[in-house]
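Heads up, the thing below is written out as structure tokens.
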Amino acid sequence: MVTITFQTTLRRSLGVHTMQVERPGATVGDVLAQCEEALGQPVLAHLTNAQGELLRGVMILVNGKNVLLLQGLGTALKAEDEVVVFPPAGGG
Amino acid sequence: MFAGGYWGKILRVNLTNKTYAVEELPRETANQFLGGMGFAVHYLYKELTPGIDPLSPENKLAVFPGPFTGTNVPCSSRIAFAAKSPLTGALGVALSGGYFPAELKFAGFDGIIVEGKAEKPTYIFIQDGKVLFRNAQRMWGSTTSDCQVMIKHDLGDQNVRIACIGPAGEKLSHMACIINERRAAGRKGLGAVMGSKNLKAIVVRGNQQVPISNAEALKEARSTMAKAMKASPVLYPQFSKLGTAMVVDHLSAMGMLPMNNWSETGTAPVEENIGVAKQEELKVGKEHCHSCPVGCTQQLITRKGPRAGILGEPEYESFYSLGSTTGVSDVGEISASDRLCDELGLDTMSAGVCVGFAMELAQKGLLPKEQHEGLDLSFGNATTQYELIRRMALREPGLGELLTNGTRQAAKKLGGEAWKYAMHVKGLELPAYDVRGAMAHGLNYATSFTGADHNRGYAIQEIFSVPVPYPVDKDSIEGKGALTKWNQDIGTGTCDCATICAFMLTIAMPDTIVECTAAMATALTGVTFTADDVWRIGERVNNLAKAFNCREGFSRKEDTLPWRVMHEPLKAGLSKGGVISPEKLDTMLDEYYTVRGWDKTTSAPTKETLLALNLPEAARDLYGA
Ligand code: SF4
């Protein structure tokens, strides 16, 4: 099972904190699309632009590693991987 | 002499003799240092004698807006206050926004240098090229809001803009800030420098329009900036509505919001108590700085308890310093404490960190019970926090006196192991990011010339995953020396010197701000600035500031981090296990000094580096003729 945790505004707008998905071999993008289906509301739209690229400032960590340093949304996942998704933020 | 942006005039005020002079701003100075913090560092380096007491008449207060200030460049009303800092002993710079910066430009000046010491409490009134020295005896002792009310009444003018100190500055608290309207040049104790000069306030009023060299070109450059601002997924959709404190949730979820004096970071989420949803319940309005279409300042009203009815404007930093790090978990209480600090003229950040420090020492038995003065020093006690702020600001004997000069001095007085829990670098208390989860941010705290300062070298790549100039692994130390230099120089060259609000760099346009700054500076002033020039200015200012500190005796050993950050890994949360061990810090420092062209043993810029940056005076001072 891959665990996906949504953080901050995304968590609030989706009304969900954590989901688990059974998809060995799937990518981060696949898994997020599956969450979208299960929730019946857009998820990727919060994170990508019209071209499907990650918005600047989206932070997706797979087992603590930023997917920008892996294969982005195309990062392949293994069972038991933990994905944490932060929508863009700034300030502080 | 200048076609726009600058007036070409620096006002020099001598409080001892009650005299002033208007000096020409040399074109070379504008070319080399651009304005704002650049001018402040340049003049203070040139004019301050090494080794002076920061609270003596020999120290000077430099007050410099940028060439953009007072124009219609978005978010450009910023001003650098600078002096040798009583808190750190290093060069201290703090920037503020609001309306005072623009008004100083309208009054016809590119900056002010205040010297000497007034015989009696004084405020200076600058209006359209003239200066009046006014008696501030009646305002002495007043809070910062009341001081502004009294001065407006005294002058019979409701439209003056005022930068003043509260009782904390008068009492020479090393954490005293300068307040204009309700904004703060918060850090490094610059309010005490004003207090030491018997200077209660600087008041400005002006009617002159800042000239623009090429209005068409400026319009074009501005529209590039406006487009970038609109394209940001954060600036208008979120930040404008929620302000800086929107990131309480983000940093807490990252396990990087320091809790209980950094002893419990990551152990529990705090969003439920002090996150955005809770903040919104108390929100009553928002404020803008001059020329800012964003308006990020959120106004909150405390609704219950003994402090009901108080209107605060707490930033993210206060949700940490007066919230998570003192264990206070009520938004209304944090907001009220924030307001009290502003009114008494105390830096909210250092003040809160001092409270958290005292609480942890009490818990550990390092602050003996007989010194608690009847206060319950448990983490989370908001009433104790409120009372300690008052005692520190008024330098009351006992705990107030002990803490009012910051954690470094307090730890020294207490002795024993207290120093291990004093969360400061170079005497400046740490901001709201537990850097055990962000290595470059930590390296910046260690190396910033001002001490632990999030306003220099903010690592957006680590904190917000912004892939500019490239994406990074926040937990890795690799390449963090070069990244820290990049972050420090870009912020200095653009935001701190030009001047532009730092959120335009960190949120809206990290990828285009340098080019945009160069284009706007050229259009405004008629002096050609390239993107390379802007980078170079940032680098030059950071080198000169470092040379200032070296001249004061600073060396590699001061470029360090608190014991806890280096020896206690984060216990829990998303950044669990994170630590910046002495070995990691050393590796990052070596790389940082190498990319900077600084000597790895002394940390000083090498002679070649200084000469290459056209800083021959600093090269002479550090290395002889
Ligand atoms: S974004 Fe906030 S701090 Fe920046 S200029 Fe606007 S109101 Fe001031």
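The values are calculated or read from the model by the stated rules, or taken from the named source; none is laboratory data. These numbers were taken from a predicted model, which means no experiment stands behind them. Ideal geometry is used to build each Cβ from the backbone, glycine not excepted, and the neighbour counts take in all protein chains shown.
So, in the range B:223-237, exactly how many residues are away from the ligand (no atom under 12 Å from the Cβ), more than 7 Å from chain A (Cβ to nearest Cβ) and under 16 Å from A:V58 (Cβ atoms)?
Number satisfying all stated conditions: 2.
Do we have B:I507 as within 16 Å of the ligand (Cβ to nearest atom) and either closer than 18 Å to B:K546 by Cα or part of a helix (DSSP H, G or I) (or both) here?
yes
Might you check whether a residue that is outside any helix (DSSP H, G or I) and within 14 Å of another protein chain (Cβ to nearest Cβ) occurs anywhere in the range B:414-431? Explain how you work it out, then say what you get.
Here is the first cut: in the range B:414-431, the ones outside any helix (DSSP H, G or I) are B:415-417, B:422-431.
So of that shortlist, the ones also within 14 Å of another protein chain (Cβ to nearest Cβ) come out as B:430-431.
Yes, some residue in the range B:414-431 is outside any helix (DSSP H, G or I) and within 14 Å of another protein chain (Cβ to nearest Cβ).
Within the range B:376-383, is even one residue part of a helix (DSSP H, G or I) and without any contact (Cβ under 8 Å) to a residue 40 or more places away in the chain?
No, that holds for no residue.
Return yes or no: is B:L340 farther than 26 Å from B:R564 by Cα, touching a Lys or Arg at 6+ places or on another chain (Cβ under 8 Å) and surrounded by 20 or more Cβ atoms within 10 Å (Cβ to Cβ)?
So B:L340 fits the description; yes.
Pairs only if they're at least six apart or on different chains, beta carbon under 9 angstrom, first in the range B:155-166 and crowded, with 18+ Cβ neighbours inside 10 Å, second modelled with pLDDT under 95 and in a loop (DSSP other than H, G, I, E, B); list them, first residue then second.
none
Hey, can you tell me all the residues within the range B:243-291 that are more than 14 Å from chain A (Cβ to nearest Cβ), assigned to a loop (DSSP other than H, G, I, E, B) and within 16 Å of the ligand (Cβ to nearest atom)?
Of everything in the range B:243-291, those that are more than 14 Å from chain A (Cβ to nearest Cβ), assigned to a loop (DSSP other than H, G, I, E, B) and within 16 Å of the ligand (Cβ to nearest atom) turn out to be B:H288, B:C289, B:H290, B:S291.
If I filter the range B:472-479 for residues that are within 14 Å of another protein chain (Cβ to nearest Cβ), touching an Asp or Glu at 6+ places or on another chain (Cβ under 9 Å), at pLDDT 95 or above and on the phi > 0 side of the Ramachandran plot, do I get at least one hit?
Checked the range B:472-479: at least one residue is within 14 Å of another protein chain (Cβ to nearest Cβ), touching an Asp or Glu at 6+ places or on another chain (Cβ under 9 Å), at pLDDT 95 or above and on the phi > 0 side of the Ramachandran plot.
In the range B:292-309, what count of residues is obtained for those that are away from the ligand (no atom under 12 Å from the Cβ) and buried (at least 21 other Cβ atoms within 10 Å of the Cβ)?
Final tally of qualifying residues: 2.
Taking the residues in the range A:20-52 that are part of a loop (DSSP other than H, G, I, E, B) and within 11 Å of another protein chain (Cβ to nearest Cβ) as candidates, determine which candidate is surrounded by the most Cβ atoms within 10 Å (Cβ to Cβ).
A:L47
Out of the residues in the range B:198-222 that are surrounded by fewer than 24 Cβ atoms within 10 Å (Cβ to Cβ) and charged (D, E, K, R), state the one that is nearest to the ligand (Cβ to nearest atom).
Among those that are surrounded by fewer than 24 Cβ atoms within 10 Å (Cβ to Cβ) and charged (D, E, K, R), it is B:R222.
From B:L311, B:L322, which residue is aliphatic (A, V, I, L, M), away from chain A (no Cβ under 14 Å) and within 30 Å of B:W563 (Cβ to Cβ)?
Only one candidate qualifies: B:L322.
Checking B:W140 against (1) surrounded by 24 or more Cβ atoms within 10 Å (Cβ to Cβ); (2) out of contact with any Cys (no Cβ under 8 Å at 6 or more places or on another chain), only one condition comes out false. Which one?
(1)
Taking the range B:559-581 only, how many residues are under 12 Å from B:P258 (Cβ atoms) and not in a loop (DSSP other than H, G, I, E, B)?
Of the residues in the range B:559-581, 2 are under 12 Å from B:P258 (Cβ atoms) and not in a loop (DSSP other than H, G, I, E, B).
Among (1) within 15 Å of the ligand (Cβ to nearest atom); (2) assigned to a helix (DSSP H, G or I); (3) surrounded by fewer than 20 Cβ atoms within 10 Å (Cβ to Cβ), where does B:E317 come up short?
Unmet for B:E317, out of (1) within 15 Å of the ligand (Cβ to nearest atom); (2) assigned to a helix (DSSP H, G or I); (3) surrounded by fewer than 20 Cβ atoms within 10 Å (Cβ to Cβ): (3).
B:S240: within 12 Å of another protein chain (Cβ to nearest Cβ), of a type in the set (G, A, S) and buried (at least 24 other Cβ atoms within 10 Å of the Cβ), yes or no?
Spelling it out, it is not the case that B:S240 is within 12 Å of another protein chain (Cβ to nearest Cβ), of a type in the set (G, A, S) and buried (at least 24 other Cβ atoms within 10 Å of the Cβ).
Can you name every residue in the range B:604-619 that is part of a helix (DSSP H, G or I) and surrounded by fewer than 22 Cβ atoms within 10 Å (Cβ to Cβ)? Lay out the reasoning, then the answer.
So in the range B:604-619, the residues part of a helix (DSSP H, G or I) come out as B:607-612, B:616-619.
Of everything in the range B:604-619, those that are part of a helix (DSSP H, G or I) and surrounded by fewer than 22 Cβ atoms within 10 Å (Cβ to Cβ) turn out to be B:K607, B:E608, B:T609, B:L611, B:A612, B:P616, B:E617, B:A619.
With (1) crowded, with 20+ Cβ neighbours inside 10 Å; (2) in contact (Cβ under 8 Å) with a residue 40 or more places away in the chain; (3) in the same structural domain as B:Y320 (by TED's automatic domain parsing) as the list, and B:G400 as the residue in question, which single condition is left unmet?
For B:G400, the failing item is (2).
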